[in-house]
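The numbers here are math on the coordinates, done by the rules we state, and not lab data. A quick note: this is a predicted structure, and the numbers were derived from the prediction, not measured. Cβ placement follows ideal geometry from the backbone for every residue including glycine, while neighbour counts extend to all protein chains displayed.
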Amino acid sequence: MKIKIIKDIRLGHGWLRVGDEFSVRNFPSSNLFTINNPYQIIEGSFSGVVVPREFCILHSEEKAYTEKEWNDLKEHHLAQLKKEREQTAIFQGLARKLTEELQKKNKENERLDFFVTVLSTALKASCEAIKTLKEKKAN
């Protein structure tokens with residue numbers, strides 16, 4: 001693991017300066033229940049130096065990509081983006097077609113509803129006329 005120094009530390013043979021990064025390990029302790037064990041540097045000219053936790057922070061190790069890896073990732077993501085855009089365009093076209101079909105069906109339903117209403121009114125009028133004629137014949 002790596003640490004980054006956040007406060008200058010004076011040593012007998014030099015300084016650990018703010019921003020310096022080192023590979024470290026947890027410094028072993030005789031007490032198993034110690035929580036804040038210091039770190040011990042395991043590389044370079046400061047190898048073996050013990051650094052208290054309050055003088056440093058753990059530095060996450062981020063993957064450094066080569067230019068080829070970066071370009072490959074970029075191409076991969078651009079291809080995925082292009083594919084998603086194509087699918088979106090297809091889905092939007094399908095949605096437009098469905099909307100048009102629904103509008104046609106709604107117009108047809110409105111027309112049929114109009115005809116049913118007109119026929120219903122005409123049937124009621126015919127029934128009324130027949131009823132009045134039967135009443136006149138009966139009289």
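Each of Ala79, Ile35, Ala89 was scored by the projection of its Cα onto the charge dipole of the chain, and the greatest displacement toward the positive side belongs to Ala89; charges sit on the C-beta of Lys, Arg, Asp and Glu. Spin-label model, Glu54/Phe91: points 7 Å from Cα along the beta carbon direction are separated by 5.5 nm. Each residue in Tyr39, Tyr65 was given a count of other beta-carbon atoms within 10 angstrom of its own, and listing them fewest first yields Tyr65, Tyr39. Pairs from the list Lys63/Lys83; Lys104/Lys131; Lys74/Lys97 with a Cα-Cα gap above 31 Å: Lys104/Lys131; Lys74/Lys97. Only one residue of Val49, Ala125, Ser60 has its Cα farthest out toward the positive end of the dipole of the chain, where Lys and Arg carry +1 and Asp and Glu -1 on Cβ, and that residue is Ala125. Computed from Cα positions, the angle between helix 67-138 and the longest principal axis of the chain comes to roughly 20 degrees.
Rounded to the nearest 500 deg cm²/dmol, what is the calculated helix-only ellipticity per residue at 222 nm for the chain, with -39500 (n - 2.57) per DSSP H run of length n ≥ 4? Walk me through the numbers before you get to the answer.
Working: 1 runs with 72 residues, N = 139.
Per the formula, -19500 deg cm²/dmol.
Each Cα pair of the stretch 2-59 feeds into the Kirkwood radius, which the Stokes-Einstein equation turns, at 20 °C and 1.002 mPa s, into a diffusion coefficient of 185 µm²/s. Please list, or write none, the aspartates and glutamates whose alpha carbon is within less than 17 Å of the alpha carbon of Lys2, excluding same-chain residues fewer than 8 places away. Result set, ordered by chain and number: Asp20, Glu21, Glu43, Glu54, Glu61, Glu62.
When the P(r) of the stretch 1-126 is calculated, the portion above 19 Å amounts to 73% of the C-alpha pairs.
As a rough footprinting exposure proxy, the listed residues Val18, Val118 were ranked by other beta carbons within 10 Å of their own, and the order from fewest upward is Val118, Val18. Here the relative contact order of the stretch 2-59, from alpha carbon pairs under 8 Å that lie six or more residues apart, stands at 37 percent.
Magnitude of the charge dipole for the chain, about its Cα centre and with charges confined to Cβ atoms of Lys, Arg (+1) and Asp, Glu (-1), is about 1080 debye. Test of the criteria: in the stretch 1-57, which GluC sites (Glu not before Pro) are in a DSSP loop and have at most 16 other Cβ atoms within 10 angstrom of their Cβ? Within the stretch 1-57, the qualifying GluC sites (Glu not before Pro) (loop, at most 16 other Cβ atoms within 10 Å) are Glu43.
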